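Colleague: Questions regarding the structure given below will be posed in turn.
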Amino acid sequence: MTAKISYDAVEVGTEVPTREFRVNRADLVRYAGASGDFNPIHWNEKFAREVGLPDVIAHGAYTMAQAARVVTEWAGDPGALVEYGVRFTRPVVVPNDDKGAVIEIGAKVTAKLDDEARTVRLDITATSGGQKVLGRARAVVRLV
């Protein structure tokens, strides 16, 4: 698979469409099973509150993965992602209801890095409940 977005068609300022991801407690249990991260802050409300959290929170890596998904789906190929990093700024609080939480993720091309390698840098925004949940979220993507 190769990226489907053309380097020549992308400009600094090109925006990746914002996506919304709903996450509920069942998603957290499934993610815990897949990742092996069974920390009780991700499933036990009483424990989460005892350690100072407002409620159960999503795994940081879950949020990070959703942000990477937005970038790789835009590029058209997960293999196009050549560099990726984030800082966790706030937790995604996941209430125990039918709605859960919503994570909104978007990105913007902030630099064309290398014409020969056809790489661009994207700055990623991720919010939940109106709060920024990822900081310094950046990806480098190789385009066609």
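Colleague: Find, to one decimal place in angstroms, the Kirkwood hydrodynamic radius of the stretch 5-52, where the mean of 1/r is taken over every pair of different Cα atoms and then inverted. Numbers along the way, then the final one.
Modeller: Details: mean 1/r = 0.0709 Å⁻¹.
One over the average 1/r among Cα pairs gives 14.1 Å for the stretch 5-52.
Colleague: Same structure, new question: Pop a pseudo-label 7 angstrom from the Cα along the beta-carbon direction at both residue 113 and residue 90 and give the gap in nm to one decimal.
Modeller: Between residue 113 and residue 90, the label points sit 2.9 nm apart.
Colleague: Give the label of the value calculated from the structure for P(r) over Cα pairs in 10 Å bins from 0, in percent, choosing from [x] 9, 26, 20, 17, 16, 9, 2; [y] 12, 39, 28, 15, 5, 0; [z] 15, 49, 30, 6.
Modeller: Entry [y].
Colleague: On to the next question. Search the structure for amide H atoms under 5 Å from the amide H of residue 14, placed 1.01 Å from N in the peptide plane, and list their residues when 5 or more places away or on another chain.
Modeller: When sequence neighbours closer than 5 places are left aside, the close amide H contacts are 109.
Colleague: Helix 60-75: angle to the longest alpha-carbon principal axis of the chain, degrees 0 to 90, nearest 10?
Modeller: Its long axis makes an angle of about 30 degrees.
Colleague: Quick one: putting +1 on the C-beta of Lys and Arg, -1 on the C-beta of Asp and Glu, what dipole do you get for the stretch 1-121 around its Cα centre, in Debye to the nearest 20? If you can, show how the numbers build up before the last one.
Modeller: Values: 15 positive and 18 negative charges, 61 e Å.
So the dipole magnitude of the stretch 1-121 works out to roughly 300 debye.
Colleague: Additional query: Which percent of the accessible area of the stretch 66-135 is formed by carbon and sulfur heavy atoms (probe 1.4 angstrom)? Before the final figure, lay out the partial values.
Modeller: Numbers: 1520 of 3500 Å².
Using a 1.4 Å probe with all protein chains present, the stretch 66-135 comes out at 43 percent carbon and sulfur.
Colleague: A follow-up question, please. For the stretch 68-121, taking Cα atoms only, what is the radius of gyration to one decimal and the Dmax to the nearest whole Å?
Modeller: Cα only, the stretch 68-121: 15.2, 50 Å (Rg, Dmax).
Colleague: Pop the C-beta distance of residue 51 and residue 82 into the FRET formula with R0 = 41 Å and round what comes out to the nearest 0.05. Kindly include the intermediate steps, with their values, before the conclusion.
Modeller: Values: r = 37 Å, r/R0 = 0.89.
Approximately 0.65, to the nearest 0.05.
Colleague: Moving to a separate point now. Quick check: with the 1.4 Å probe, what order do 6, 128 take by accessible area, largest first? Please report the intermediate quantities before stating the final value.
Modeller: Details: 6 45, 128 20 Å².
Correct descending sequence by accessible area is 6, 128.
Colleague: Enumerate the calculated ³J(HN,Hα) couplings along the stretch 80-95 in order (Karplus 6.51 cos²θ - 1.76 cosθ + 1.60, θ = phi - 60°), each rounded to whole Hz, writing x wherever the residue is Gly or Pro.
Modeller: 6, 7, 9, 7, 7, x, 9, 10, 7, 9, 8, x, 8, 7, 10, x
The values are calculated or read from the model by the stated rules, or taken from the named source; none is laboratory data. Not measured: the values here are computed from a predicted model. Every residue, glycine among them, receives a Cβ derived from its backbone with ideal geometry; neighbour counts consider all protein chains shown. Just so you know, the surface numbers come from the protein's heavy atoms only, side chains and all, with ligands and any DNA or RNA stripped out. Shrake-Rupley method; radii C 1.70, N 1.55, O 1.52, S 1.80 Å.
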